[in-house]
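One structure is given here, and the rest of the page talks about it.
The values are calculated or read from the model by the stated rules, or taken from the named source; none is laboratory data. Just so it is clear, the structure is predicted and the values come from calculations on it, not from any experiment. Positions of Cβ are backbone-derived with ideal geometry, glycine not excepted, and every protein chain shown enters the neighbour counts. Please note that ligands, DNA and RNA were not included when accessible areas were found on the heavy atoms of the full protein model with its side chains. Shrake-Rupley method; radii C 1.70, N 1.55, O 1.52, S 1.80 Å.
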Amino acid sequence: MTEQPTADFSVKPTLTGDKVLLRPFTADDVPAMGAVLDDPEVCKYTGSPAGDLTPEQLRSWYTTRNDKDDRLDLAVVDLAMGACVGEVVLYEWDAPNRSCNFRTLIGPNGRDRGLGTEACRLIVRHGFEQLGLNRIALGVYNFNPRARRAYEKVGFVSEGIEREALVHEGEWVDATYMSILAREWAVHRGRPVADDARIHTP
């Protein structure tokens, strides 16, 4: 097996796409992220209640993300508006196995314009090409098909179902576990052939 570079999560990069900029958090992002985390759709799809964090807890969280050397939290900035609309996170780093988990939150001001898909593609590329990861994994609740579709566009593949992982408004919701591997990324670079075929098929 070819020796890979050791991941350095202490470096907080700025990653630029066509629609979004991913950058380290600043204190100025705290109000925007507070609004994102209180958004009803974000609360539903993350299984978290609104107002779960106090303003002090929010500020403490987002002003210390750049100090962490075992995870990478970046703000998602909409280039058209110049505003923070969400976050992408690589976390639960398993150094010996060169793997980590991924999650993202996009608030209402950043939806339905492809920002989330591009942000996902940028951070996954960084994970494989700069951090030397071999596997990036995530979980998505099955009542969130939009998020699953965005992950599939980037190349995440379903691995299995966690049955009744969440109770929402009295109903049990399953979760799908997905992952993408470095060798898969090397082939399609976040644009799977099957996805391109679906996009261009009349």
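Numbers at a glance
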| quantity | calculated |
| --- | --- |
| Residue list for segment 173-202, filter: at pLDDT below 65 and either touching a strand residue (DSSP E or B) at 6+ places or on another chain (Cβ under 8 Å) or of a type in the set (S, T, N, Q) (or both) | T201 |
| Cross-chain or 6+ apart pairs with Cβ under 8 Å, segment 49-70 first and without any contact (Cβ under 8 Å) to a residue 24 or more places away in the chain, then exposed (fewer than 12 other Cβ atoms within 10 Å of the Cβ) | A50/P40 |
| Residue count for segment 54-95, restricted to those that are more than 19 Å from H126 (Cβ to Cβ) and in contact with a Phe, Trp or Tyr (Cβ under 7 Å, 6 or more places away or on another chain) | 1 |
| Close pairs from segment 115-131: first over 16 Å from D78 (Cβ atoms), partner in a loop (DSSP other than H, G, I, E, B) and open to solvent by less than 10 Å² (accessible area, probe 1.4 Å), Cβ under 7 Å, at least 6 apart | V124/G190; R125/G190; G127/L133 |
| Given (1) buried (at least 18 other Cβ atoms within 10 Å of the Cβ); (2) touching a residue at least 40 places away in the same chain (Cβ under 8 Å); (3) more than 20 Å from S48 (Cβ to Cβ); (4) not β-branched (V, I, T), number of the condition F156 does not satisfy | (2) |
| Residue match in segment 97-105 (condition: at positive phi, charged (D, E, K, R), open to solvent by less than 70 Å² (accessible area, probe 1.4 Å) and part of a loop (DSSP other than H, G, I, E, B)) | yes |
| E92 vs. criteria open to solvent by 30 Å² or more (accessible area, probe 1.4 Å) and out of contact with any Lys or Arg (no Cβ under 8 Å at 6 or more places or on another chain) | no |
| Any hit, segment 43-53, residues being over 20 Å from G139 (Cα atoms) and hydrophobic (A, V, I, L, M, F, W, C) | yes |
| Unique match (being open to solvent by 40 Å² or more (accessible area, probe 1.4 Å), modelled with pLDDT of 95 or more, part of a helix (DSSP H, G or I) and in contact with an Asp or Glu (Cβ under 9 Å, 6 or more places away or on another chain)) among N109, N66 | N66 |
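For every residue, the table says whether it meets (1) buried (at least 16 other Cβ atoms within 10 Å of the Cβ); (2) farther than 28 Å from N134 by Cβ.
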residue	(1), (2)
T14	no, no
T26	no, yes
A35	no, yes
V42	yes, yes
T54	no, yes
W61	no, yes
L72	yes, no
V77	yes, yes
G82	no, yes
